[in-house]
Every structure is written in structure tokens, then in C-alpha cells.
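This report concerns only the one structure given below.
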Amino acid sequence: MLQLPGAKRELLITWRINRYARAPLPGDFNWAFVSGYLHQPGNTLAAFLEVNRESILDLYVYIVPDEEGAQQYLVTVTLLVCQECSDELFAECESQLSEHLSILQGSGGPLIFMQIAQEAVPDNLFHMMDFVARPEDFTMRDMYVMKRLSVDYLCFPE
């Protein structure tokens, strides 16, 4: 019988628990953003997230409507980085995320990124709109209204 070493076993357990514990996202969003974009071979955003996994804590999204079958989804995406993240990497994260969301925005799919299309922002939106944030700037309100986008497969490449 094969056994995983302790560290790899812990990674596997964490990944498996997160698959069941995370809040579900609309399938059309998952298809457009995760399957249709991040999972594509050679995707430079996925590669960037993987290379910088030591500094990136989580990826959070806000999606309206948060239901299946919508014609379009208003979305914000925020990359939460660790406190020790350098200013240079912080700026690179902003640049990368902005560039990729702009590409997706222009693709004609169902996703409207409010950080790119500022005219789409509703008046009653009170959560994080930054592309990148450190923990001190990410509030409990942000955690409550946004959902963690599971990119564990990038953080745990083994």
C-alpha cells in the first residue's frame, strides 16, 4: 500500500475539505472564469498565481446575481495577499489581474467586471473594489459578502 508523506497528506486533506466547505458559485460563472479561462493551457494568470502562491492568500469574488442561469453577472475579483507581500509584487498583482479581467471583459461573455466597467457599479455596493488587498484592508464585511474562489490546485501544485 502506498502512503503519502505527512506534508503531502496534509495538503490533500486541506484540498478535499475545501472542496466541500466552500460556498458554491454559479455554474455559469465557474464555466466562464474558471473552466473557460483559468484552466486553459498556457493561461498566464494561472501561472502567475501559482508562481506567487507564497504571497497570495486567497482570491475573493463578488457575483450578482448569485444564482444559476443569469444572462450576465456583475463581478469583482480581489486578490488577498499576505502582509509581507512586497510593494513590487503588490503592483504586479494589480497589473496582472487588471490585464486579465480586461481581456475577459472584452471577450463578450456573461461576466461584467465592475472594476473595469465602473459604470456597472450599483449605488448600494459597499465592499472591496480593489484588485489586490492586504489583510488589514480586507474587512469582515468583505469576507461576508464576497466568496472565496477555490484555486487550491494552483496553491498546491504537487
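Every number in this text was worked out from the coordinates using simple rules, so none of it is lab data. Quick caveat, the model's predicted, so the values are computed rather than measured. Here the Cβ is made from the backbone with ideal geometry for all residues, glycine too, and neighbour counts use every protein chain on show.
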In nm, to one decimal, how far is the residue 71 label point from the residue 130 one, both placed 7 Å along Cα→Cβ?
-> 3.5
Per-residue Cβ contact counts at 10 Å, fewest first, order 86, 150, 95 as 86, 95, 150
Compute the distance in nm between two label points, each set 7 Å from the Cα along the Cα-to-Cβ direction, one at residue 92 and one at residue 137.
-> 1.8
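Ranked from highest to lowest mean number of other Cβ atoms within 10 Å per residue, what is the order of the peptides 115-124, 68-77?
Ranking the peptides 115-124, 68-77 by packing returns 68-77, 115-124.
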Quick one: net charge around residue 60, please, counting Lys, Arg +1 and Asp, Glu -1 for every other residue with C-beta under 9 Å from its C-beta.
-> 0
Under the Debye formula (equal points on every Cα, no solvent term), log10 I(q)/I(0) of the stretch 55-158 at q = 0.10, 0.15, 0.22 Å⁻¹ = -0.28, -0.65, -1.32
